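I am attaching a structure below and will ask some questions about it afterwards.
Laboratory data are not the source of any read-out in this text; all were calculated from the coordinates shown. Owing to the predicted nature of the structure, the values given are computational and were not obtained by experimental measurement. Methodologically, a virtual Cβ is constructed for each residue, glycine included, from the backbone with ideal geometry; neighbour enumeration extends over all protein chains shown.
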Ligand code: SF4
Ligand code: SF4
Ligand code: FES
Ligand code: FES
C-alpha cells in the first residue's frame, strides 16, 4: 500500500500501480487513450498528464504522464491543476487535428472513448483549419470494418493484436504525422481474436461489421447480462437488441473469466438467433400442411401425444440450460431422460467431472490461467475448441518476460520495458495433436501423432515425474527422451498447467493428463493446475445433472419407446444419420423443442418454438464447473405479436402441468431453480449464480436499456399507434425498459451494459471494478460448483500405439472455431469466415491413392456420403485422416472411427 | 443437411516480384549477423532497393519469407524510413534540404528553380525517369547551405543559376 495525495486529499492506493491506475481505481477521472488495463502503459498519447509535486511544499510541480509514473508512497499530484487541465485539453485537440469529426455517421458514436475523453477535457471547439491527411481503408473480412481517418495513433490496436494476441498480419506503417494501422494489404484478419479490436480501439477505426447493416446507437439498444453459448468456456457477453433482433455482442467484464476479451466465434456468431427459418410459433401438421398453434393448443397437443404413448423418452442437450434439461427430465421421469450426448463423449465428460472432483488438482479460472509458468496441452487444438483459453495461455507464456523484468524491479505495467527485457523469452509450452495446432508459434515442442500415441507420451511424462505412475511399455527411445525432458521442465516450474479435453475423442488422453497433474502434485509441485475442455456451453452442467447417453436413447427407441421429446439438439450432428433415421423412423411421435429448425426438427410431428439465449433465461456450467446465468435480452412478441417463443423449460413445464400427476409446480425461473437445488444437491449452488427475480436496487428493477433510449412510442406504430405496456419480466430482476436502476455504484454484479456518467464506451467497466482491471466490485458473477478433493488413483489403461492398416484411415478430430459449433455455423458471417473446409491426409497416403492436393475426395460412413476438398499435411500420421468435425454435417462420433472407402472424386 | 457454405477465395495479388539469387544470398548473409532476424530487415530492404531501385510489395513478402518474420513487420520498417522507396523512382534522386538553416539561407529559391528545370513537383519523377525530386531534413552541412544531395554526392552553397550545370552531370 502507498499513500498518495491528490488535489490535497490523502488516499491509500496500491503502490505497484501507476498513478493513472491508482486514480481510476479511486474513482477519479483522468482521461487516457493509450493505456489499457490489459495492455499496460507506453506513454504514447500524452493524454493522462497530471501535475506532480516533489512534496507538500512544492507549489510549482511539473507535468508527468500519470500512466508512466509509479504511485509511490508520498506522491503529491494534482489532476485539477490549471496547467495540467489546459495541457490535456490541448492534447485532445492535437490528437484530433486529423480526425474527421464525423461522429454523426460513425458507428462508434455514443460508445466512443474519444468522445468521452474530449468532453471530459473540455475541448469543445476546433481551431485547426487546414487540410487533413486522409487514408484509404482496408477490407478486413466479414467481422471488422476499417476507417483509418478516425485514428488518433494511440497504438492500442497493434499492441493488442501483435503483442497481446500474437497476430502476425497487422502492424503500424509510416512515420510522423502519417501513420497507418492495418494489415500489410487488404484481406481477412487472421487472428481468431480480431473482434476485440472493436473495443480496444478508443475511436471508430475498427467497428463491428455485423452491426453495420442494421445499425443503431448503443443508447437505443436493449441489453442483458448473458453468457456466450458457443463453447464450454462460458465467456460473459452483453448482447444488444433493437427492433426484435440481436444486433451485436460486446464483451461483458468478468474478472474471473474473460475480463476484456472474447473470441470471434462468440462475438460474431450470434446470427442464428435472427434467422428467418427459426420456428416463431409452435406448429404441427395436418396432412402435409404445417399449422401454427397457440400456447394452449400446443401444450394440449403435446399432452395428448404423451397420454397416447406407451413410453415417452426425453433427449436433452448440452447446449440447453440446466433448467430446460431438468424440466425435461421432470416431465419424462429420470429413467426416461437421456442427455443427448453421444456415448463416447459422455464417458469422457463423466471422467472429466470425476477428475475435477477427485483428482486433488485445482482447476484455474480462465483469468488464473494467465499466471501459469509451464503448459502441457494434450490432444486439443484449443484455439479451435476453447478459443479464449488459448488467448489466456498466450499470456501465460509471456509470463517469462514479466518474470525477467520483475527481477530487475520493472513494474507490471511497464509493458515496453518488459518486452525489451524479455525479447522473445517464453515459458515452456508443450502440445500434442493429430496435426499442427494454432499455438505452434509459441510452443517449445509439438508432437503430432494419433491420439493413442499422444496419450502414451502423456502417460510416459507422468511416469517420468513420479515412478509410481504407470509406465508405458515399448515406448521408442526418442519419445522417452522427450517425455523425460518435458517431465523435468514441469518439475522445475512453479505452476504447471495441464490441459486436455473431450474433443480429441480419446479417453486415454484425459487419463494421461490427469496422471501428469497428479504425478506433479505427488512430487510436491502443489500449484499444478488442470483445465479440461468440454465441447458445448453446458456439457459440464448436463454431466453433473446426469442421464443416459444418446446411444442408449436410440436403443430405448428400438426397444419400444414410442415417443421422444428432443430438447434443443440436432441429433444428426452427434451420431450417424443412419442410426438417427432408423430410430426416429421407429417412433410413433417426435416432439422437438428448439429455437432452430434443424434436421431433427424436420422429422418432428410437433415443434415447440423455444427461445435462444436472446429470448430466454437459464443457467449453464462451464468447463471449470462455474454456474453462470444468462438473462433474456428481449421479448420478441412485443414487436411481432404473433410470435410465440418461450424458454424451453417453460414449454416443458406447461406440458408437465396439464399432463402429469407428478408435475412440477414451478411456474417461474426461481421456483424451477429452487426445485433443481432441492432435487439435485450437486447443483444446489446454482441458486447463488445470480440474484433472483426479487432483487431490487432502492426498490427498483435494473434497466435493460440506457436512460437515453429513444423511439419507443414510434417503433411499433406500424402495428398500432397505441403504445402497449412494456413486457413484464417475472423471471429476472431486469426490466424490459430504460426505466429502472442503472447506477454503476449500486450493489450489483449483473451488469446489462457498461455505462457510467461520462463513460459511454466499454471503458466504463472501470467504474464497476474494485480496482481497474481487477474484479467487479460486488464480486464476479457466477459460482463454482465443484470442490476438489483428493481420492483419485492413477489411471492405468494405456492404449497400444497406433498401427496403420492399408486402405483404412482412422479419423482424427479437427474441430474448427469457425464452422464446428452447431449454432454459430448457421450464421452467415461465420460461414463466410470459415470458407470451405477440407479433409487432411499425409502426402504419402495421397500418393498411394493417386490424388493431388485440392482434389475432391469422397467417403462414406454410417450411411452418409461426403465430398470434400483435400489438403495435405506433413504432420498428420499416415493412416489417419483429419476431418473437420461439426462442419459439413460430419458428426462428432466420427472421431477415432475407421474410414475404408476414401477415393478421389465424387462417390 | 447443412446450409450451403459460401466459398471465398482470397486472390493472390503479389506483383510478380522475384528476389534475385544474389540478393537472397546477401540477405541470408546479413541475417546471420543478428540473433533476431528482425534486425536484418533494414539491410534486406537496402539490398533490394540497391538492385531494384525501389521496394515493390512483392519484395516485402519475399523478405519476410526469407527472414521468417511477419510481412507486417517488414512493411512497418519499409514505410517508416523515407529513404526506402515504395514507388518507382528516377535514375537519380535529388534530395534538397528543407530544414531550418537552409530555410534561412534560401532553399525555397532552389526548389523553385529545380521545379522549373525538371517540370515536376517534390515527390515526383520526371517522365523520362531521369530524376526524382524529394525534400530531406538537415544534411549536416548547415554552414554551407543551401544544400542538396544528388544520389551520394553532396552539393553545397547552391545558387539557382548554377543548378542546370549540376543537373547536367547526371545523365
Ligand atoms: S486505430 Fe484505433 S487503436 Fe489503433 S492507433 Fe488508431 S485510434 Fe488507436
Ligand atoms: S471462447 Fe467460447 S465462450 Fe468465449 S467467446 Fe469464444 S466461443 Fe464464446
Ligand atoms: S494514457 Fe498516459 S500517455 Fe497515453
Ligand atoms: S539545415 Fe540544411 S543542412 Fe542543416
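For the stretch B:21-80, how big is the tail of P(r) above 13 Å, as a whole percent of Cα pairs?
Numbers: 925 of 1770 pairs.
Roughly 52 percent, rounded to a whole number.
Using every pair of alpha-carbon atoms in the stretch B:1-155, split the distances into 10 Å bins beginning at 0 and state the percent of pairs per bin, rounded to integers.
Spelled out per bin, shortest first, that is 10, 30, 26, 20, 9, 3, 2, 0, 0.
Right, here's the next one. Under a crude label model (7 Å from the Cα following the beta-carbon direction), how far is residue A:290 from residue A:578 in nanometres?
The two pseudo-label positions are separated by 3.1 nm.
Can you give me the Kirkwood hydrodynamic radius for the stretch B:92-169, using every pair of distinct Cα atoms, in Å to one decimal?
Computed over Cα pairs of the stretch B:92-169, the Kirkwood hydrodynamic radius comes out at 12.2 Å.
From the helices alone, meaning DSSP H stretches of at least four residues, give me the mean residue ellipticity at 222 nm for the protein assembly as shown, per-run term -39500 (n - 2.57), in deg cm²/dmol to the nearest 500. Let's see the in-between values first.
Values: 30 runs with 298 residues, N = 1078.
Value at 222 nm, helices only, nearest 500: -8000 deg cm²/dmol.
For residue A:485 and residue A:423, FRET efficiency with R0 = 30 Å and r from the beta-carbon atoms, rounded to 0.05? Intermediate results must be reported in sequence, preceding the final value.
Working: r = 23 Å, r/R0 = 0.77.
Working from the Cβ atoms, E equals 0.85.
Still on this structure, I have one more. What is the mean number of Cβ atoms from other protein chains located within 10 Å of the Cβ atom of each residue in peptide A:828-838, rounded to a whole number? If you can, show how the numbers build up before the last one.
Details: counts 2, 0, 1, 7, 4, 2, 4, 6, 5, 1, 0.
Whole-number average of other-chain Cβ neighbours for A:828-838 is 3.
Next question, about the same structure. At q = 0.04, 0.06, 0.11 Å⁻¹, work out log10 I(q)/I(0) for chain A with the Debye formula, treating every Cα as an identical point scatterer and leaving solvent out; two decimals please.
-0.19, -0.42, -1.42
From the square roots a ≥ b ≥ c of the eigenvalues of the alpha-carbon gyration tensor of the stretch A:809-904, which class results: rounded (a/c under 1.5), prolate (a/b over b/c), or oblate? Could the numbers behind the result be given before it?
Details: a/c = 1.88, a/b = 1.54, b/c = 1.22.
Cα axes put the stretch A:809-904 in the prolate bin.
Pulled fully out, how much extra length does the chain show between residue A:82 and residue A:730, if you take 0.36 nm times their separation in residues and subtract their Cα-Cα distance? Mind showing how you got there, number by number?
On the way: separation 648, 0.36 × 648 = 233.28 nm, distance 5.18 nm.
Separation in residues times 0.36 nm, less the Cα-Cα distance, equals 228.1 nm.
Can you tell me the FRET efficiency between residue B:151 and residue A:404 if r is taken as the Cβ-Cβ distance and R0 is 51 Å, rounded to the nearest 0.05?
Details: r = 46 Å, r/R0 = 0.89.
My answer for the efficiency is 0.65.
Now for a separate question. Compute the Cα gyration tensor for the stretch A:285-434, then decide on rounded, prolate or oblate, letting a ≥ b ≥ c be the square roots of its eigenvalues: rounded whenever a/c is under 1.5, prolate when a/b is larger than b/c in the other cases, and oblate in all that remain.
Numbers: a/c = 3.69, a/b = 2.81, b/c = 1.32.
Because a/c hits 1.5 or more and a/b exceeds b/c, the stretch A:285-434 counts as prolate.
For residue B:143 and residue B:108, calculate 0.36 nm times their separation in residues minus their Cα-Cα distance, and state this gained length in nm to one decimal.
Working: separation 35, 0.36 × 35 = 12.60 nm, distance 1.69 nm.
Contour length minus the Cα-Cα distance gives 10.9 nm.
Taking every DSSP beta bridge that has both residues in the protein assembly as shown, what percent is antiparallel when rounded to the nearest 5?
Numbers: 66 of 121 bridges.
In the protein assembly as shown, DSSP labels about 55 percent of beta bridges as antiparallel.
Let me ask something else about it. Treat each spin label as a single point 7 Å out from the Cα along the C-beta direction, and report the residue B:101 to residue A:747 distance in nm.
In this crude label model, residue B:101 to residue A:747 measures out at 7.2 nm.
So for the pair residue A:722, residue A:805, with labels modelled 7 Å out along Cα→Cβ, what separation do we get in nm?
7.2 nm
Given the peptides A:281-289, A:539-547, arrange them by the average over their residues of other C-beta atoms within 10 Å, most packed first. Please report the intermediate quantities before stating the final value.
On the way: A:281-289: 13.8, A:539-547: 25.3.
Sorting A:281-289, A:539-547 by mean packing, highest first, produces A:539-547, A:281-289.
Something else: To the nearest whole number, what is the average tally of beta carbon atoms from other chains within 10 Å of the beta carbons of peptide A:165-176?
4
What's the percent breakdown of Cα-Cα distances in the stretch A:2-95 across 10 Å bins, shortest bin first?
Spelled out per bin, shortest first, that is 18, 54, 26, 2.
To the nearest 10 degrees, how steep is helix B:41-52 against the longest Cα principal axis of chain B, on a 0 to 90 scale?
On a 0 to 90 degree scale, this one is about 70.
A further question on this structure: Going by alpha carbons, how many degrees (0 to 90, nearest 10) lie between the helix axis of B:57-67 and the longest principal axis of chain B?
Value to nearest ten degrees: 60.
On average, how many beta carbons from a partner chain sit within 10 Å of the beta carbon of a residue in B:78-84? Walk me through the numbers before you get to the answer.
On the way: counts 3, 9, 6, 1, 3, 0, 0.
Across the residues of B:78-84, the mean count of other-chain Cβ atoms within 10 Å is 3.
On to the next question. Once fully extended, how much extra length lies between residue A:124 and residue A:836, figured as 0.36 nm per residue of separation less the alpha-carbon to alpha-carbon distance? Kindly include the intermediate steps, with their values, before the conclusion.
Details: separation 712, 0.36 × 712 = 256.32 nm, distance 5.04 nm.
Difference between extended and current length: 251.3 nm.
Something else: Classify the stretch A:452-525 as rounded, prolate or oblate from the Cα gyration tensor: take a ≥ b ≥ c as the square roots of its eigenvalues, call it rounded if a/c is under 1.5, otherwise prolate when a/b beats b/c and oblate if not.
On the way: a/c = 1.68, a/b = 1.13, b/c = 1.48.
Oblate is the answer for the stretch A:452-525, as a/c is 1.5 or above yet b/c matches or exceeds a/b.
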